[in-house]
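Q: Here's a structure for you.
The values are calculated or read from the model by the stated rules, or taken from the named source; none is laboratory data. It should be emphasised that the depicted structure is a prediction, and the values quoted were computed from it without experimental measurement. All Cβ positions, even for glycine, are placed from backbone atoms using ideal geometry, and neighbour counts span all protein chains on display.
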Amino acid sequence: MSSRNPVITLIQRTGFPTDLAGGFLAVIIFVIGDGIEAVWITNYLSSETVGFAVDSASRIVTTYGVMVAVAAFLSGALCDAIGPRKVMLIGVVSFLIFDALFIAVALPSQNIALVYITYGMRGFGYPMLAYGFLTWVMMVTPPERQSSASGWFWFAFSLGMQIIGSYLSAQMLPVFGHIATLWFGWVLAAVGGAATLLFLRGHASASHTKGISVLTSLSDAVSVLWRHPKVSLMGIVKVINLAGQYGMQVYYIVYLQKVYGMEESRAILTFTIFGVVAVIGDVVWGVLGDRFGWRNTLQWVATPVTAVSLAYLYFIPMVAGPNFWLISLGMAGVGIGLSAHVPTTPLIMAHAKGETGNALAILNFGAGLGTFVGPGLVALFISNENTAAGYLGPGMALAGIYVLSFFILFWLRLPGNARVLHGEAQVHDDDPEPAGSAAH
(Lines give C-alpha, C1' and ligand atoms only; values in the text may rest on other atoms or scores of the structure.)
Protein backbone atom coordinates (compact mmCIF):
# COMPACT_ATOMS: atom_id res chain seq x y z
CA MET A 1 0.00 0.00 0.00
CA SER A 2 2.87 2.37 0.76
CA SER A 3 4.02 2.22 -2.89
CA ARG A 4 0.80 3.70 -4.15
CA ASN A 5 0.86 6.91 -6.15
CA PRO A 6 0.26 9.80 -3.69
CA VAL A 7 -2.11 11.45 -6.18
CA ILE A 8 -4.26 8.31 -6.26
CA THR A 9 -4.21 8.14 -2.49
CA LEU A 10 -5.37 11.77 -2.28
CA ILE A 11 -8.20 11.10 -4.74
CA GLN A 12 -9.29 8.04 -2.77
CA ARG A 13 -9.61 10.17 0.35
CA THR A 14 -12.50 11.96 -1.38
CA GLY A 15 -14.29 8.63 -1.54
CA PHE A 16 -13.59 8.07 -5.25
CA PRO A 17 -13.16 4.33 -6.03
CA THR A 18 -10.18 4.65 -8.39
CA ASP A 19 -10.44 1.05 -9.57
CA LEU A 20 -13.82 1.97 -11.10
CA ALA A 21 -12.51 5.01 -12.99
CA GLY A 22 -12.90 3.29 -16.36
CA GLY A 23 -16.53 2.50 -15.61
CA PHE A 24 -17.30 6.05 -14.56
CA LEU A 25 -15.69 7.39 -17.75
CA ALA A 26 -17.76 5.03 -19.89
CA VAL A 27 -20.97 6.11 -18.13
CA ILE A 28 -20.07 9.76 -18.75
CA ILE A 29 -19.72 9.12 -22.50
CA PHE A 30 -23.02 7.23 -22.62
CA VAL A 31 -25.08 9.88 -20.82
CA ILE A 32 -23.59 12.66 -22.97
CA GLY A 33 -25.02 10.91 -26.00
CA ASP A 34 -28.27 9.89 -24.32
CA GLY A 35 -29.06 13.35 -23.00
CA ILE A 36 -27.50 15.64 -25.58
CA GLU A 37 -30.96 17.02 -26.46
CA ALA A 38 -32.32 17.30 -22.91
CA VAL A 39 -32.29 21.08 -22.51
CA TRP A 40 -33.48 21.98 -26.02
CA ILE A 41 -35.80 19.22 -27.23
CA THR A 42 -38.98 21.00 -26.07
CA ASN A 43 -37.90 24.17 -27.86
CA TYR A 44 -37.11 22.19 -31.03
CA LEU A 45 -40.36 20.21 -31.03
CA SER A 46 -42.31 23.46 -30.62
CA SER A 47 -40.33 25.30 -33.31
CA GLU A 48 -41.54 25.99 -36.85
CA THR A 49 -39.33 23.16 -38.10
CA VAL A 50 -41.34 20.47 -36.31
CA GLY A 51 -44.47 22.46 -35.52
CA PHE A 52 -45.90 21.06 -32.29
CA ALA A 53 -47.37 23.36 -29.62
CA VAL A 54 -45.38 23.91 -26.42
CA ASP A 55 -47.90 21.96 -24.33
CA SER A 56 -47.77 19.06 -26.82
CA ALA A 57 -43.97 19.11 -26.74
CA SER A 58 -44.09 19.10 -22.93
CA ARG A 59 -46.40 16.07 -22.99
CA ILE A 60 -44.00 14.24 -25.30
CA VAL A 61 -41.20 14.85 -22.80
CA THR A 62 -43.58 13.77 -20.03
CA THR A 63 -44.18 10.48 -21.86
CA TYR A 64 -40.44 10.02 -22.01
CA GLY A 65 -40.38 10.63 -18.27
CA VAL A 66 -42.95 7.88 -17.67
CA MET A 67 -40.74 5.37 -19.46
CA VAL A 68 -37.70 6.64 -17.57
CA ALA A 69 -39.56 6.02 -14.32
CA VAL A 70 -40.44 2.45 -15.29
CA ALA A 71 -36.89 1.73 -16.43
CA ALA A 72 -35.43 3.34 -13.33
CA PHE A 73 -37.48 1.04 -11.09
CA LEU A 74 -36.47 -2.01 -13.11
CA SER A 75 -32.80 -0.99 -13.00
CA GLY A 76 -32.76 -1.67 -9.27
CA ALA A 77 -35.42 -4.34 -8.99
CA LEU A 78 -33.95 -6.64 -11.64
CA CYS A 79 -30.37 -6.52 -10.38
CA ASP A 80 -31.06 -9.20 -7.76
CA ALA A 81 -32.58 -11.54 -10.39
CA ILE A 82 -30.47 -11.10 -13.53
CA GLY A 83 -27.46 -9.10 -12.30
CA PRO A 84 -26.45 -5.47 -12.91
CA ARG A 85 -24.55 -6.16 -16.15
CA LYS A 86 -27.58 -7.63 -17.95
CA VAL A 87 -29.70 -4.72 -16.72
CA MET A 88 -27.23 -2.30 -18.28
CA LEU A 89 -27.14 -4.28 -21.54
CA ILE A 90 -30.92 -3.87 -21.85
CA GLY A 91 -30.50 -0.12 -21.42
CA VAL A 92 -27.86 0.24 -24.13
CA VAL A 93 -29.69 -1.84 -26.75
CA SER A 94 -33.10 -0.27 -26.17
CA PHE A 95 -31.75 3.26 -26.38
CA LEU A 96 -29.83 2.68 -29.61
CA ILE A 97 -32.85 1.12 -31.33
CA PHE A 98 -35.48 3.68 -30.34
CA ASP A 99 -33.23 6.73 -30.62
CA ALA A 100 -32.37 5.75 -34.20
CA LEU A 101 -36.09 5.35 -34.99
CA PHE A 102 -36.85 8.71 -33.37
CA ILE A 103 -34.23 10.52 -35.47
CA ALA A 104 -34.60 8.66 -38.76
CA VAL A 105 -38.34 7.95 -38.87
CA ALA A 106 -40.44 9.88 -36.35
CA LEU A 107 -39.00 13.39 -36.71
CA PRO A 108 -38.96 13.48 -40.55
CA SER A 109 -42.55 12.21 -40.62
CA GLN A 110 -43.71 14.86 -38.10
CA ASN A 111 -46.20 12.24 -36.97
CA ILE A 112 -46.88 13.06 -33.34
CA ALA A 113 -47.89 9.49 -32.49
CA LEU A 114 -44.54 8.15 -33.75
CA VAL A 115 -42.71 10.87 -31.86
CA TYR A 116 -44.55 9.93 -28.66
CA ILE A 117 -43.69 6.25 -29.09
CA THR A 118 -40.05 6.51 -30.18
CA TYR A 119 -38.99 9.38 -27.92
CA GLY A 120 -40.81 7.75 -25.03
CA MET A 121 -39.27 4.30 -25.54
CA ARG A 122 -35.74 5.71 -25.75
CA GLY A 123 -36.36 6.57 -22.09
CA PHE A 124 -35.39 2.98 -21.22
CA GLY A 125 -31.80 3.87 -22.04
CA TYR A 126 -30.01 5.88 -19.39
CA PRO A 127 -31.86 4.59 -16.29
CA MET A 128 -31.09 0.96 -17.05
CA LEU A 129 -27.43 1.68 -17.74
CA ALA A 130 -26.61 4.57 -15.40
CA TYR A 131 -28.81 3.60 -12.45
CA GLY A 132 -27.89 -0.04 -12.93
CA PHE A 133 -24.27 1.06 -12.57
CA LEU A 134 -25.15 3.06 -9.44
CA THR A 135 -26.90 0.04 -7.94
CA TRP A 136 -23.81 -2.07 -8.48
CA VAL A 137 -21.49 0.59 -7.01
CA MET A 138 -23.66 0.86 -3.89
CA MET A 139 -23.65 -2.93 -3.52
CA VAL A 140 -19.86 -3.04 -3.29
CA THR A 141 -19.30 0.12 -1.21
CA PRO A 142 -19.22 0.14 2.63
CA PRO A 143 -22.07 2.21 4.16
CA GLU A 144 -19.77 4.79 5.76
CA ARG A 145 -18.52 5.74 2.28
CA GLN A 146 -21.77 5.44 0.35
CA SER A 147 -22.51 9.16 0.32
CA SER A 148 -19.06 9.84 -1.16
CA ALA A 149 -19.44 7.06 -3.76
CA SER A 150 -22.92 8.31 -4.61
CA GLY A 151 -21.49 11.80 -4.98
CA TRP A 152 -18.94 10.57 -7.49
CA PHE A 153 -21.63 8.76 -9.46
CA TRP A 154 -23.75 11.90 -9.68
CA PHE A 155 -20.58 13.83 -10.57
CA ALA A 156 -20.10 11.54 -13.56
CA PHE A 157 -23.80 11.62 -14.47
CA SER A 158 -24.09 15.40 -14.23
CA LEU A 159 -20.78 15.98 -16.01
CA GLY A 160 -22.09 14.07 -18.99
CA MET A 161 -25.75 15.05 -18.96
CA GLN A 162 -25.61 18.68 -17.86
CA ILE A 163 -22.17 20.11 -18.60
CA ILE A 164 -20.67 18.38 -21.61
CA GLY A 165 -24.00 17.53 -23.22
CA SER A 166 -25.38 21.07 -23.01
CA TYR A 167 -22.01 22.60 -23.99
CA LEU A 168 -21.71 20.39 -27.07
CA SER A 169 -25.28 21.25 -28.02
CA ALA A 170 -24.60 24.97 -27.69
CA GLN A 171 -21.58 24.62 -29.98
CA MET A 172 -23.02 22.18 -32.51
CA LEU A 173 -26.58 23.45 -33.05
CA PRO A 174 -25.67 26.75 -34.77
CA VAL A 175 -23.22 24.93 -37.09
CA PHE A 176 -24.66 21.47 -37.78
CA GLY A 177 -28.32 21.75 -36.76
CA HIS A 178 -30.54 19.64 -34.54
CA ILE A 179 -30.64 16.35 -36.47
CA ALA A 180 -26.86 16.08 -36.88
CA THR A 181 -26.47 16.81 -33.17
CA LEU A 182 -28.91 14.01 -32.33
CA TRP A 183 -26.95 11.54 -34.50
CA PHE A 184 -23.71 12.59 -32.85
CA GLY A 185 -25.34 11.80 -29.52
CA TRP A 186 -26.36 8.35 -30.80
CA VAL A 187 -22.74 7.57 -31.70
CA LEU A 188 -21.50 8.68 -28.28
CA ALA A 189 -24.14 6.55 -26.55
CA ALA A 190 -23.06 3.52 -28.59
CA VAL A 191 -19.41 4.03 -27.69
CA GLY A 192 -20.10 4.71 -24.00
CA GLY A 193 -22.53 1.81 -23.66
CA ALA A 194 -20.12 -0.66 -25.25
CA ALA A 195 -17.26 0.61 -23.09
CA THR A 196 -19.34 0.21 -19.91
CA LEU A 197 -20.23 -3.39 -20.72
CA LEU A 198 -16.62 -4.23 -21.59
CA PHE A 199 -15.42 -2.72 -18.32
CA LEU A 200 -17.87 -4.79 -16.29
CA ARG A 201 -16.58 -8.03 -17.79
CA GLY A 202 -13.64 -7.68 -15.39
CA HIS A 203 -15.84 -7.45 -12.29
CA ALA A 204 -17.51 -10.67 -11.20
CA SER A 205 -19.94 -8.89 -8.87
CA ALA A 206 -21.54 -7.11 -11.86
CA SER A 207 -23.07 -10.49 -12.79
CA HIS A 208 -23.98 -11.34 -9.18
CA THR A 209 -27.56 -12.48 -8.58
CA LYS A 210 -29.40 -13.70 -5.49
CA GLY A 211 -30.75 -16.73 -7.31
CA ILE A 212 -34.33 -15.50 -7.22
CA SER A 213 -36.88 -15.23 -10.01
CA VAL A 214 -37.67 -11.98 -11.82
CA LEU A 215 -41.19 -12.07 -10.35
CA THR A 216 -39.88 -12.45 -6.79
CA SER A 217 -37.35 -9.69 -7.33
CA LEU A 218 -40.04 -7.31 -8.60
CA SER A 219 -42.43 -8.28 -5.80
CA ASP A 220 -39.81 -7.63 -3.10
CA ALA A 221 -38.95 -4.26 -4.66
CA VAL A 222 -42.61 -3.20 -4.47
CA SER A 223 -43.40 -4.58 -1.02
CA VAL A 224 -40.47 -2.72 0.54
CA LEU A 225 -42.70 0.37 0.31
CA TRP A 226 -45.00 -0.87 3.09
CA ARG A 227 -42.57 -3.15 4.87
CA HIS A 228 -40.33 -0.11 5.45
CA PRO A 229 -42.61 2.97 5.13
CA LYS A 230 -39.76 5.46 5.41
CA VAL A 231 -38.47 4.09 2.12
CA SER A 232 -41.70 5.40 0.58
CA LEU A 233 -41.05 8.87 2.01
CA MET A 234 -37.50 8.77 0.70
CA GLY A 235 -38.89 7.86 -2.70
CA ILE A 236 -40.99 11.04 -2.62
CA VAL A 237 -37.91 13.09 -1.69
CA LYS A 238 -36.09 11.61 -4.70
CA VAL A 239 -38.99 12.40 -7.03
CA ILE A 240 -38.84 16.02 -5.91
CA ASN A 241 -35.04 16.06 -6.15
CA LEU A 242 -35.07 15.60 -9.93
CA ALA A 243 -38.52 17.00 -10.77
CA GLY A 244 -37.25 20.57 -10.39
CA GLN A 245 -34.32 19.96 -12.70
CA TYR A 246 -36.30 18.26 -15.47
CA GLY A 247 -39.18 20.69 -15.17
CA MET A 248 -36.73 23.58 -15.47
CA GLN A 249 -35.19 21.97 -18.57
CA VAL A 250 -38.61 21.76 -20.20
CA TYR A 251 -39.79 25.32 -19.66
CA TYR A 252 -36.86 27.62 -18.96
CA ILE A 253 -35.19 27.94 -22.37
CA VAL A 254 -38.62 28.39 -23.96
CA TYR A 255 -39.40 31.05 -21.31
CA LEU A 256 -36.15 32.93 -21.94
CA GLN A 257 -36.45 32.75 -25.72
CA LYS A 258 -40.16 33.35 -26.32
CA VAL A 259 -40.75 35.96 -23.60
CA TYR A 260 -37.38 37.74 -23.39
CA GLY A 261 -35.81 37.03 -26.78
CA MET A 262 -32.67 35.36 -25.46
CA GLU A 263 -30.68 33.48 -28.10
CA GLU A 264 -31.16 29.70 -27.83
CA SER A 265 -27.44 28.80 -27.71
CA ARG A 266 -26.84 31.43 -25.00
CA ALA A 267 -29.77 30.15 -22.96
CA ILE A 268 -28.39 26.62 -23.24
CA LEU A 269 -25.05 27.85 -21.92
CA THR A 270 -26.71 28.90 -18.66
CA PHE A 271 -27.43 25.19 -18.14
CA THR A 272 -23.71 24.56 -18.56
CA ILE A 273 -23.12 26.89 -15.59
CA PHE A 274 -25.67 24.89 -13.64
CA GLY A 275 -23.89 21.68 -14.62
CA VAL A 276 -20.43 22.90 -13.64
CA VAL A 277 -21.61 23.89 -10.18
CA ALA A 278 -23.63 20.69 -9.79
CA VAL A 279 -20.79 18.31 -10.63
CA ILE A 280 -18.44 20.04 -8.21
CA GLY A 281 -21.20 20.01 -5.61
CA ASP A 282 -21.84 16.29 -6.15
CA VAL A 283 -18.34 15.52 -4.88
CA VAL A 284 -18.30 18.18 -2.16
CA TRP A 285 -21.71 17.28 -0.73
CA GLY A 286 -20.96 13.59 -1.07
CA VAL A 287 -18.02 14.02 1.31
CA LEU A 288 -19.73 16.57 3.56
CA GLY A 289 -22.86 14.40 3.72
CA ASP A 290 -20.83 11.64 5.38
CA ARG A 291 -19.63 14.17 7.96
CA PHE A 292 -22.43 16.69 8.44
CA GLY A 293 -25.11 13.99 8.29
CA TRP A 294 -27.22 12.62 5.47
CA ARG A 295 -30.59 13.99 6.56
CA ASN A 296 -29.11 17.26 7.84
CA THR A 297 -27.58 17.96 4.43
CA LEU A 298 -30.87 17.27 2.65
CA GLN A 299 -33.08 19.26 4.98
CA TRP A 300 -30.98 22.30 5.78
CA VAL A 301 -29.07 22.79 2.52
CA ALA A 302 -30.57 20.91 -0.41
CA THR A 303 -34.27 21.74 -0.17
CA PRO A 304 -34.19 25.43 0.85
CA VAL A 305 -31.40 26.39 -1.56
CA THR A 306 -33.15 24.71 -4.50
CA ALA A 307 -36.54 26.27 -3.69
CA VAL A 308 -35.15 29.81 -3.44
CA SER A 309 -33.02 29.43 -6.57
CA LEU A 310 -35.89 28.17 -8.74
CA ALA A 311 -38.10 31.06 -7.64
CA TYR A 312 -35.23 33.48 -8.36
CA LEU A 313 -34.83 32.09 -11.90
CA TYR A 314 -38.45 32.82 -12.71
CA PHE A 315 -38.39 36.39 -11.39
CA ILE A 316 -34.90 37.64 -12.33
CA PRO A 317 -35.62 38.13 -16.08
CA MET A 318 -38.56 40.34 -15.10
CA VAL A 319 -36.19 42.61 -13.23
CA ALA A 320 -33.03 42.46 -15.35
CA GLY A 321 -34.16 41.03 -18.69
CA PRO A 322 -32.22 38.17 -20.32
CA ASN A 323 -29.06 38.99 -18.38
CA PHE A 324 -26.77 35.99 -18.85
CA TRP A 325 -24.77 36.41 -15.65
CA LEU A 326 -27.71 37.05 -13.33
CA ILE A 327 -29.53 34.06 -14.79
CA SER A 328 -26.36 32.00 -14.43
CA LEU A 329 -26.22 33.00 -10.75
CA GLY A 330 -29.62 31.41 -10.26
CA MET A 331 -28.49 28.34 -12.20
CA ALA A 332 -25.49 28.06 -9.88
CA GLY A 333 -27.86 28.15 -6.90
CA VAL A 334 -29.92 25.31 -8.38
CA GLY A 335 -26.68 23.40 -8.95
CA ILE A 336 -25.73 23.78 -5.28
CA GLY A 337 -29.17 22.76 -4.06
CA LEU A 338 -29.62 19.74 -6.31
CA SER A 339 -26.10 18.42 -5.72
CA ALA A 340 -26.69 18.61 -1.96
CA HIS A 341 -29.32 15.87 -2.49
CA VAL A 342 -26.48 13.33 -2.95
CA PRO A 343 -26.97 11.76 0.54
CA THR A 344 -30.45 10.63 -0.54
CA THR A 345 -28.86 7.38 -1.73
CA PRO A 346 -27.32 6.20 1.58
CA LEU A 347 -30.28 7.54 3.56
CA ILE A 348 -32.84 5.43 1.68
CA MET A 349 -30.57 2.39 1.98
CA ALA A 350 -30.33 2.94 5.74
CA HIS A 351 -34.12 2.99 6.10
CA ALA A 352 -34.41 -0.18 3.97
CA LYS A 353 -32.41 -2.08 6.63
CA GLY A 354 -30.06 -3.96 4.35
CA GLU A 355 -32.27 -4.44 1.28
CA THR A 356 -29.90 -2.64 -1.08
CA GLY A 357 -31.41 -3.69 -4.41
CA ASN A 358 -34.97 -2.99 -3.27
CA ALA A 359 -34.05 0.38 -1.77
CA LEU A 360 -32.31 1.43 -4.96
CA ALA A 361 -35.24 0.22 -7.05
CA ILE A 362 -37.41 2.76 -5.20
CA LEU A 363 -34.67 5.41 -5.33
CA ASN A 364 -34.20 4.92 -9.06
CA PHE A 365 -37.98 4.86 -9.58
CA GLY A 366 -38.19 8.17 -7.73
CA ALA A 367 -35.45 9.59 -9.94
CA GLY A 368 -37.31 8.37 -12.99
CA LEU A 369 -40.61 9.77 -11.76
CA GLY A 370 -38.86 13.11 -11.37
CA THR A 371 -38.37 13.20 -15.14
CA PHE A 372 -42.13 12.67 -15.46
CA VAL A 373 -43.38 14.89 -12.60
CA GLY A 374 -41.26 17.92 -13.54
CA PRO A 375 -42.41 18.17 -17.17
CA GLY A 376 -45.90 17.13 -16.03
CA LEU A 377 -46.12 20.13 -13.70
CA VAL A 378 -45.01 22.39 -16.55
CA ALA A 379 -47.64 20.95 -18.91
CA LEU A 380 -50.29 21.26 -16.18
CA PHE A 381 -49.62 24.83 -15.08
CA ILE A 382 -48.39 26.62 -18.21
CA SER A 383 -51.09 28.96 -19.49
CA ASN A 384 -49.61 31.23 -22.17
CA GLU A 385 -46.29 30.47 -23.84
CA ASN A 386 -45.71 34.05 -24.98
CA THR A 387 -46.08 35.97 -21.70
CA ALA A 388 -44.20 35.88 -18.40
CA ALA A 389 -47.46 35.37 -16.50
CA GLY A 390 -48.03 32.18 -18.48
CA TYR A 391 -44.98 30.63 -16.82
CA LEU A 392 -45.81 31.71 -13.26
CA GLY A 393 -47.52 28.40 -12.48
CA PRO A 394 -44.62 26.16 -13.55
CA GLY A 395 -42.04 28.43 -11.91
CA MET A 396 -43.76 28.48 -8.53
CA ALA A 397 -44.85 24.82 -8.62
CA LEU A 398 -41.29 23.66 -9.17
CA ALA A 399 -40.01 25.83 -6.33
CA GLY A 400 -42.88 24.80 -4.03
CA ILE A 401 -42.26 21.07 -4.17
CA TYR A 402 -38.91 21.55 -2.40
CA VAL A 403 -40.74 23.20 0.50
CA LEU A 404 -42.81 20.02 0.73
CA SER A 405 -39.61 17.95 0.72
CA PHE A 406 -38.21 20.05 3.58
CA PHE A 407 -41.13 19.06 5.83
CA ILE A 408 -41.08 15.39 4.80
CA LEU A 409 -37.50 15.14 6.02
CA PHE A 410 -38.58 15.72 9.64
CA TRP A 411 -39.87 12.10 9.57
CA LEU A 412 -36.66 10.62 8.20
CA ARG A 413 -34.26 10.70 11.13
CA LEU A 414 -32.02 7.67 11.54
CA PRO A 415 -32.31 5.55 14.72
CA GLY A 416 -30.88 7.44 17.68
CA ASN A 417 -30.80 10.53 15.44
CA ALA A 418 -27.52 9.21 14.02
CA ARG A 419 -25.97 11.28 11.26
CA VAL A 420 -24.69 8.29 9.25
CA LEU A 421 -24.55 4.50 9.59
CA HIS A 422 -21.48 2.29 9.64
CA GLY A 423 -20.96 -1.29 8.56
CA GLU A 424 -19.84 -3.59 5.78
CA ALA A 425 -20.97 -3.75 2.16
CA GLN A 426 -23.53 -6.45 1.46
CA VAL A 427 -21.88 -7.69 -1.73
CA HIS A 428 -18.13 -7.91 -2.14
CA ASP A 429 -16.37 -8.04 -5.48
CA ASP A 430 -14.27 -11.09 -6.22
CA ASP A 431 -11.53 -8.92 -7.72
CA PRO A 432 -8.22 -8.41 -5.87
CA GLU A 433 -9.16 -4.83 -5.02
CA PRO A 434 -12.94 -4.31 -4.67
CA ALA A 435 -14.68 -0.99 -5.21
CA GLY A 436 -14.99 -0.39 -1.50
CA SER A 437 -11.24 -0.64 -0.94
CA ALA A 438 -10.83 3.06 -1.61
CA ALA A 439 -12.72 3.74 1.55
CA HIS A 440 -10.09 2.22 3.82
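Q: Quick one: in the stretch 133-162, which of the residues that are aliphatic (A, V, I, L, M) and under 20 Å from residue 249 (Cβ atoms) is surrounded by the fewest Cβ atoms within 10 Å (Cβ to Cβ)?
A: Top of the filtered list is 159.
Each row is one residue, and each column tells you yes or no for (1) within 30 Å of residue 103 (Cβ to Cβ); (2) assigned to a helix (DSSP H, G or I).
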{"residue": "188", "(1), (2)": "yes, yes"}
{"residue": "199", "(1), (2)": "yes, yes"}
{"residue": "209", "(1), (2)": "no, no"}
{"residue": "222", "(1), (2)": "no, yes"}
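Q: What is the residue count in the stretch 163-195 for residues that are within 20 Å of residue 248 (Cα to Cα), crowded, with 21+ Cβ neighbours inside 10 Å and within 18 Å of the chain's Cα centre (by Cα)?
A: 4
Q: Kindly check whether there is at least one residue in the stretch 57-68 that is polar (S, T, N, Q) and within 18 Å of the chain's Cα centre (by Cα).
A: yes
Q: Inside the stretch 83-113, can you point out the residues that are surrounded by fewer than 19 Cβ atoms within 10 Å (Cβ to Cβ) and among the β-branched types (Val, Ile, Thr)?
A: Within the stretch 83-113, 93, 97, 105, 112 qualify.
Q: In the set 274, 292, 199, which member is among the aromatic types (Phe, Trp, Tyr) and more than 29 Å from residue 412 (Cα to Cα)?
A: 199
Q: I would also like to ask the following. Determine whether the stretch 23-40 contains at least one residue that is modelled with pLDDT under 90 and either assigned to a helix (DSSP H, G or I) or farther than 27 Å from residue 271 by Cα (or both).
A: No.
Q: Inspect all residues belonging to the stretch 159-168 and state whether any of them is small (Gly, Ala, Ser), at pLDDT 95 or above and farther than 25 Å from residue 362 by Cα.
A: No, the stretch 159-168 contains no residue that is small (Gly, Ala, Ser), at pLDDT 95 or above and farther than 25 Å from residue 362 by Cα.
This table checks each residue for (1) among the aliphatic types (A, V, I, L, M); (2) closer than 22 Å to residue 399 by Cα; (3) in contact with a Cys (Cβ under 9 Å, 6 or more places away or on another chain).
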{"position": "344", "(1), (2), (3)": "no, yes, no"}
{"position": "349", "(1), (2), (3)": "yes, no, no"}
{"position": "354", "(1), (2), (3)": "no, no, no"}
{"position": "362", "(1), (2), (3)": "yes, no, no"}
{"position": "365", "(1), (2), (3)": "no, yes, no"}
{"position": "374", "(1), (2), (3)": "no, yes, no"}
{"position": "379", "(1), (2), (3)": "yes, yes, no"}
{"position": "383", "(1), (2), (3)": "no, yes, no"}
{"position": "387", "(1), (2), (3)": "no, yes, no"}
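Q: May I ask you to verify whether residue 130 is of a type in the set (A, V, I, L, M), closer than 25 Å to residue 183 by Cα and buried (at least 24 other Cβ atoms within 10 Å of the Cβ)?
A: It is true that residue 130 is of a type in the set (A, V, I, L, M), closer than 25 Å to residue 183 by Cα and buried (at least 24 other Cβ atoms within 10 Å of the Cβ).
Q: Shifting gears a bit: How many residues, within the stretch 234-269, are over 23 Å from the mean Cα position of the chain (by Cα) and more than 21 Å from residue 46 (Cα to Cα)?
A: Number satisfying all stated conditions: 0.
Q: Find all pairs meeting these conditions: Cβ atoms under 6 angstrom apart; at least six residues apart or on different chains; first residue within the stretch 218-230 and under 10 Å from residue 361 (Cα atoms); second residue at pLDDT 95 or above and not acidic (Asp, Glu).
A: Close Cβ pairs satisfying both conditions: 224/231.
Q: For the stretch 374-397: of the residues being among the aliphatic types (A, V, I, L, M) and surrounded by fewer than 24 Cβ atoms within 10 Å (Cβ to Cβ), which is nearest to residue 345 (Cα to Cα)?
A: Top of the filtered list is 397.
Q: Just to verify a result, which residue in the stretch 80-128, among those that are charged (D, E, K, R) and within 26 Å of residue 222 (Cα to Cα), is modelled with the lowest pLDDT?
A: Looking at the filtered set, the residue picked out is 80.
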